Amino acid sequence: MTYLAWPSARFDEFRADPEGNFLRTLDAVGLGERIRAGRRGERFRGSPDLPSYFRKPHGPGWALVGDAGLLLDPITGQGIGDAFRDAELLASAVVAGLGGDRPPAKALAGYQLARDRAARPMYDFTARLAALTPPRREEMALFEALSRSQPDADRFIAMLAGVVPVREFMSPRTMVGLVGVRGFARLALGPARRGRPAPGPERARAA
């Protein structure tokens, strides 16, 4: 599957010529020839409706896991991993609540707390990527540093895949090693200057 994203403000522009805009965008990043060598097996599908949210994942007699309770923009591909994580956390809470270790309501509240703590760093990181704004200077410095180190690039991809926790990869020690003290300070202060990312980043996708 080939996935392409434009800002949602340009959705009507993209929809006016889906195939042309799709191929021109891929040409711009050096992938057009490779895509043209394949055969399109489906029509273009797109949507400007990509909400992001945290929901309360439990109540009397019910509980939610995965996208039903916590939805991220698909740009980082976290859905399946989040679903497995939530199912494991919920199973532990159900065992504790029904087994008498904790009152069921407290066990489920603990599930929500554990889910939110685990999900928040990637949620914020995803919201930043999904805004589709040009990378800041300090972010470009990070990407350039990653391009010079295959092990660090591998760990970055592992973070996107949910294998390496965001907090671990973005730790001060790792960032200082990659971009230096000043670069880390700019990276750390960037979110504070901008404010917390919006729960529902404005963007559209075409696949």
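So for segment 3-25 (the condition being in contact with a Pro (Cβ under 6 Å, 6 or more places away or on another chain) and in a helix (DSSP H, G or I)), does at least one residue qualify?
Here is the first cut: in segment 3-25, the ones in contact with a Pro (Cβ under 6 Å, 6 or more places away or on another chain) are 8, 11.
Among the residues that remain, those that are also in a helix (DSSP H, G or I) are: 8, 11.
Yes, because at least one residue in segment 3-25 is in contact with a Pro (Cβ under 6 Å, 6 or more places away or on another chain) and in a helix (DSSP H, G or I).
Conditions first: (1) open to solvent by less than 70 Å² (accessible area, probe 1.4 Å); (2) without any contact (Cβ under 8 Å) to a residue 24 or more places away in the chain. G162 passes all but one, so which condition is the exception?
Going through the list (1) open to solvent by less than 70 Å² (accessible area, probe 1.4 Å); (2) without any contact (Cβ under 8 Å) to a residue 24 or more places away in the chain, G162 breaks only (2).
Tell me which residues, restricted to segment 106-124, are touching a helix residue (DSSP H, G or I) at 6+ places or on another chain (Cβ under 8 Å) and surrounded by fewer than 20 Cβ atoms within 10 Å (Cβ to Cβ).
At the first step, the residues of segment 106-124 found to be touching a helix residue (DSSP H, G or I) at 6+ places or on another chain (Cβ under 8 Å) are 106-108, 110-111, 114-115, 118-119, 121-122, 124.
Of everything in segment 106-124, those that are touching a helix residue (DSSP H, G or I) at 6+ places or on another chain (Cβ under 8 Å) and surrounded by fewer than 20 Cβ atoms within 10 Å (Cβ to Cβ) turn out to be K106, G110, A114, A118, P121, D124.
Specify which of the listed residues (G110, G183) is modelled with pLDDT under 95 and of a type outside the set (D, E).
Every option except G183 fails the conditions.
Given the structure, is A105 over 22 Å from E168 (Cα atoms), among the aliphatic types (A, V, I, L, M) and without any contact (Cβ under 8 Å) to a residue 12 or more places away in the chain?
On the way: over 22 Å from E168 (Cα atoms): yes; among the aliphatic types (A, V, I, L, M): yes; without any contact (Cβ under 8 Å) to a residue 12 or more places away in the chain: yes.
For A105, the condition - over 22 Å from E168 (Cα atoms), among the aliphatic types (A, V, I, L, M) and without any contact (Cβ under 8 Å) to a residue 12 or more places away in the chain - is met.
Taking the residues in segment 58-68 that are out of contact with any Leu (no Cβ under 9 Å at 6 or more places or on another chain) and assigned to a loop (DSSP other than H, G, I, E, B) as candidates, determine which candidate is least open to solvent (accessible area, probe 1.4 Å). Outline the logic, then answer.
Start the filter on segment 58-68 by keeping residues that are out of contact with any Leu (no Cβ under 9 Å at 6 or more places or on another chain), which leaves 60-62, 66-68.
Now restrict to residues that are assigned to a loop (DSSP other than H, G, I, E, B): 60-61.
On the way: P60: 129, G61: 90 Å².
Among them, the one singled out is G61.
Six or more apart or on different chains, Cβ under 6 Å: which pairs go from a residue in segment 72-90 that's over 16 Å from V164 (Cβ atoms) and of a type in the set (A, V, I, L, M) to one that's at pLDDT below 95 and buried (at least 21 other Cβ atoms within 10 Å of the Cβ)? Could you list them?
Taking only residues 6 or more apart or on different chains, the pairs are L72/Q78; L72/Y123; L72/T126; I75/A130.
The values are calculated or read from the model by the stated rules, or taken from the named source; none is laboratory data. Quantities reported herein were computed from a predicted structural model and do not represent experimental measurements. Note that each Cβ is placed from the backbone with ideal geometry, even for glycine, and that neighbours are counted across all protein chains shown. Areas reflect the complete protein model, heavy atoms only, side chains present, ligands, DNA and RNA absent. Shrake-Rupley method; radii C 1.70, N 1.55, O 1.52, S 1.80 Å.
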